[in-house]
1. Please work out the Cα center distance from region 111-140 to region 155-173, rounded to the nearest Å.
2. Tell me, Kirkwood radius of region 158-317 from alpha-carbon pair distances, in Å?
3. What net charge is computed for the residues neighbouring S286, neighbours being all others with C-beta under 12 Å from the C-beta of S286, Lys and Arg scored +1, Asp and Glu -1?
4. Once amide H atoms are built 1.01 Å from N in the peptide plane, which residues 5 or more positions from S308, or in another chain, come under 5 Å H to H?
5. Along Cα→Cβ, 7 Å out, is where each label goes; now give me the distance between the ones at Q37 and S117 in nm to one decimal.
6. Take every Cα-Cα pair in region 152-208 and report what % of them are more than 15 Å apart.
7. Using the Cβ atoms and a cut-off under 11 Å, what net charge is assigned to the surroundings of E190, where Lys and Arg are +1 and Asp and Glu are -1?
8. In a Debye calculation with equal point scatterers on the alpha-carbon sites of region 230-326 and no solvent, what is log10 I(q)/I(0) at q = 0.12, 0.13, 0.20, 0.25 Å⁻¹?
Amino acid sequence: MAGRGKRLRPQSSITPKPLMTVRGQCMVERIIEKFTQTLPQRVTDGVFILGPGFDRKAYDILDSVCARHNIEAHYVIQEEARGTAHAVICAQDFLEGEGIVVYADTVFDMAPVSQLSESDVVAWVKEVEDPRRFGVAVREGDRVVAFVEKPQELISNEALIGIYYIRNLEKLRAAIQVLFDENIHGKGGEYYLTDAFDWMLKQGLVFRTAAVQAWLDCGTLDAFMDTTRYLLDHEPQNGPIPACLNSIIIEPVYIAPDAVVEHSVIGPYVSVEAGAQVSSSIVRNSIVFESANVKNSVLYDSMIGANSTVRGQSSSLNIGDYSNLS
């Protein structure tokens, strides 16, 4: 979670990207909840690799998420961004036994997993039409034989999505150490997790893949909006939509139980997050983040940051947290 989320600014300027809310839940909670629902054994610990600038609120959110899922939370800091393998080795004190390594900036859906221990590493993948933009897993039969970054020839269409089960985390720790000892790095001097896995493959470890049913990017503003739209289509509101005073609701929408909507037209494709208020407004294809206030406005294709206020506007807006536009 140590990235700065630059492509998602201004929304990520204050709130770290993995803690941004996507249709009622932050990305990290969605990831943890999915693992608790689909893995064959219970998740006991969550180790969060953070950047040096995270404030106390971020820790409080993660503490609350873990408490809700009966997971013990641990934190380590990646002081300098030196690649994905470097990020993982920052948590070396926790790299023992079996575990999952996951990038915390995507939303995914996968079927329950019945068996993991027959493989040393399981890499979750998604079949894509054009693999040239991704790292891919190359298989012979059911075993992975190579990882290739952004192949220009069609050698595999199984894109790596940044989720890995490792049966023995000590072996991953040793592989990353080899990268540092032998100065095996990529562009910009960064150390990549895929290079560590490639080294493990050459040591004869058994790698297999598992497919996800959906892989939704949240890394850019457009992608975040598209993912929200997808979830609004595929995750109906739990229970009835909260009472909205003198308002018209055009589904699909999500309105948090404690949100306030009055004298407004909401939808389609609108997410009104916890504590937000919308009054005397028309809002479509937009996200109103936590505790934001929209009044006397007509908004479309908009993202209104948490704790922001918008009054008297008629346009497409993208404003960050704690903003005021009147």
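The values are calculated or read from the model by the stated rules, or taken from the named source; none is laboratory data. These numbers were taken from a predicted model, which means no experiment stands behind them. Cβ atoms come from the backbone with ideal geometry, glycine included; neighbour counts cover every protein chain shown. We work out accessible area using only protein heavy atoms, side chains counted, and drop any ligands, DNA or RNA first. Shrake-Rupley method; radii C 1.70, N 1.55, O 1.52, S 1.80 Å.
1. A separation of 8 Å, based on Cα centres.
2. Every distinct Cα pair counted, the radius reaches 18.8 Å.
3. 0
4. Answer set, sorted by chain and number: A292, N293, Y322, S323.
5. 2.6
6. Tail of P(r) above 15 Å: 54 percent of Cα pairs.
7. 0
8. -0.30, -0.35, -0.86, -1.38
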